[in-house]
Amino acid sequence: MRIGVCSDHAGFEYKDRIISYLLGKGYDVVNYGTDSTESCDYPDFAHALGSAIDNGDVDCGIALCGTGNGMAMTLNKHAGVRAALAWGVALASLAKEHNNANVLVLPARFISYRMALACIRSWLAAAFAAGRHQRRIQKI
Ligand code: RB5
């Protein structure tokens with residue numbers, strides 16, 4: 001599975017560690033920046049990941065900013081993206097089970113790194129439940 005990852009400056013440090021974690025687990029990872037803690041604009045990186053999902057360059061993505069809201073708002077402008085904000089493991093797994101979220105968005109300033117990893121593991125391990133949920137996401 002090829003996973004695209006992006007952040008702004010607020011999410012950079014977690015993103016860097018998440019990339020190492022995912023590579024260590026054998027995932028193919030594409031980094032869409034940012035690559036420092038220098039202040040930057042989250043839409044620049046969210047659009048890069050969103051376009052990669054629209055184009056099929058990556059299968060899914062993980063995005064981080066301070067609150068997660070800017071990343072989620074921008075990513076969800078892309079037709080092929082269903083980006084879900086999660087700050088706990090149940091939210092992360094339900095984002096896949098009920099919404100088939102193909103991007104997990106994490107609020108780096110509001111959760112520990114340990115929780116960020118737990119959310120990622122939970123989201124990656126979950127499966128879309130389909131059925132009534134398929135009908136609902138088609139209505140989006
Ligand atoms: C950056 O200060 C902050 O606004 C950004 O990371 C994010 O929280 C926006 O939604």
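Against the list (1) within 18 Å of Ile137 (Cα to Cα); (2) touching a residue at least 40 places away in the same chain (Cβ under 8 Å), the condition Ala52 fails is (1). So for segment 82-90 (the condition being basic (Lys, Arg), within 16 Å of the ligand (Cβ to nearest atom) and in contact with a helix residue (DSSP H, G or I) (Cβ under 9 Å, 6 or more places away or on another chain)), does at least one residue qualify? No - not one qualifying residue is present in segment 82-90.
Do we have any residue at all in segment 121-133 that's farther than 23 Å from Asp16 by Cβ and surrounded by 17 or more Cβ atoms within 10 Å (Cβ to Cβ)? Yes, segment 121-133 contains at least one residue that is farther than 23 Å from Asp16 by Cβ and surrounded by 17 or more Cβ atoms within 10 Å (Cβ to Cβ). Ile111 falls short on exactly one of the conditions (1) over 28 Å from Ala130 (Cβ atoms); (2) among the aliphatic types (A, V, I, L, M); (3) touching a His at 6+ places or on another chain (Cβ under 7 Å), and that condition is (3). Look at (1) touching a residue at least 40 places away in the same chain (Cβ under 8 Å); (2) farther than 30 Å from Arg135 by Cα and you find that Asp28 fails only one, number (1).
Among the residues of segment 32-49, is any within 17 Å of Ala86 (Cβ to Cβ), β-branched (Val, Ile, Thr) and within 14 Å of the ligand (Cβ to nearest atom)? No. Restricting attention to segment 76-120, the residues that are closer than 24 Å to Asp54 by Cα, buried (at least 19 other Cβ atoms within 10 Å of the Cβ) and of a type in the set (Gly, Ala, Ser) total 7.
Out of all the residues in segment 69-80, which are closer than 13 Å to Phe45 by Cα and within 11 Å of the ligand (Cβ to nearest atom)? Those that are closer than 13 Å to Phe45 by Cα and within 11 Å of the ligand (Cβ to nearest atom): Gly70, Met71, Ala72, Met73, Thr74.
Somewhere in segment 93-100, is a residue out of contact with any helix residue (DSSP H, G or I) (no Cβ under 8 Å at 6 or more places or on another chain), hydrophobic (A, V, I, L, M, F, W, C) and more than 15 Å from the ligand (Cβ to nearest atom)?
Of the residues in segment 93-100, the ones out of contact with any helix residue (DSSP H, G or I) (no Cβ under 8 Å at 6 or more places or on another chain) are 94.
Of the ones still in play, those that are also hydrophobic (A, V, I, L, M, F, W, C) are 94.
Add one more test, that the residue is more than 15 Å from the ligand (Cβ to nearest atom), and what stays is 94.
Yes; the residues of segment 93-100 include at least one that is out of contact with any helix residue (DSSP H, G or I) (no Cβ under 8 Å at 6 or more places or on another chain), hydrophobic (A, V, I, L, M, F, W, C) and more than 15 Å from the ligand (Cβ to nearest atom).
Here Ala72 does not fit the description of being closer than 20 Å to Asp28 by Cα and small (Gly, Ala, Ser). Of the strands (runs of 3 or more DSSP E) lying entirely inside segment 7-95, those containing at least 2 residues that are closer than 20 Å to Arg109 by Cα span 60-65, 83-85.
Coordinate-derived values only; no laboratory data. These figures come from a predicted structure and were not determined experimentally. Glycine also receives a Cβ, built like all others from the backbone with ideal geometry; neighbour counts cover every protein chain displayed.
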